[in-house]
1. Residues R32, R28: which one is free of Cβ contacts under 8 Å to residues at least 12 places away in the same chain and farther than 27 Å from Q93 by Cβ?
2. How about region 67-84: which of its residues are within 16 Å of G21 (Cβ to Cβ) and either polar (S, T, N, Q) or in contact with a Phe, Trp or Tyr (Cβ under 6 Å, 6 or more places away or on another chain) (or both)?
3. Identify all residues within region 36-48 that are more than 11 Å from S20 (Cβ to Cβ), of a type outside the set (K, R) and outside any loop (DSSP other than H, G, I, E, B); write none if there are none.
4. When you go through (1) open to solvent by less than 70 Å² (accessible area, probe 1.4 Å); (2) in contact with a strand residue (DSSP E or B) (Cβ under 6 Å, 6 or more places away or on another chain) one by one for Q66, which number turns out not to apply?
Amino acid sequence: MTLFTGLQSELQLAGLAVLSGYLPMRERIMNRATDASKKVPVFHGHGTADEVVLFQYGEMTRNTLQKSGHSVDFHAYNHMGHSTCDDEIRDLQTFLSTCIPEST
């Protein structure tokens with residue numbers, strides 16, 4: 001859902017976070033991707049042992065986005081299934097800290 005809505009948004013979003021996800025209907029959605037979405041950084045974390053959304057789907061999604069000019073921060077987590085781990089949460093926190101400004 002993150003990629004489906006985020007790539008088609010005209011809003012200047014701070015970032016998109018994808019955890020163990022992929023981009024179904026790649027061609028159709030990429031044809032509808034906005035210019036604004038190319039300026040939005042994408043965090044994508046995926047486990048190499050994901051049994052629900054296969055790791056290669058995550059890789060295909062990363063490749064599709066990069067070929068279309070999107071900035072993707074892709075992280076592979078060895079032996080992680082369709083879940084999360086401490087390393088992924090730390091990496092996501094780092095990503096979010098770069099996207100969301102400190103409050104003043």
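1. Details: R32 fails: free of Cβ contacts under 8 Å to residues at least 12 places away in the same chain.
Among R32, R28, only R28 is free of Cβ contacts under 8 Å to residues at least 12 places away in the same chain and farther than 27 Å from Q93 by Cβ.
2. Keep residues of region 67-84 that are within 16 Å of G21 (Cβ to Cβ), which gives 70, 72-77, 80-84.
Passing the criteria: D73, S83, T84.
3. Passing the criteria: A36, S37, V42, F43.
4. So Q66 meets the others, but not (1).
Rundown of residues vs (1) in a helix (DSSP H, G or I); (2) surrounded by 13 or more Cβ atoms within 10 Å (Cβ to Cβ), yes/no style:
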residue: D50; (1), (2): no, yes
residue: Q56; (1), (2): yes, no
residue: T84; (1), (2): no, yes
residue: E88; (1), (2): yes, yes
residue: S97; (1), (2): yes, no
residue: E102; (1), (2): no, no
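The values are calculated or read from the model by the stated rules, or taken from the named source; none is laboratory data. Model, not experiment: these values are computed from the prediction. Positions of Cβ are generated from backbone atoms using ideal geometry, with glycine treated the same way; all protein chains shown enter the neighbour counts. The area values use the complete protein model at the heavy-atom level, side chains included, leaving out ligands, DNA and RNA. Shrake-Rupley method; radii C 1.70, N 1.55, O 1.52, S 1.80 Å.
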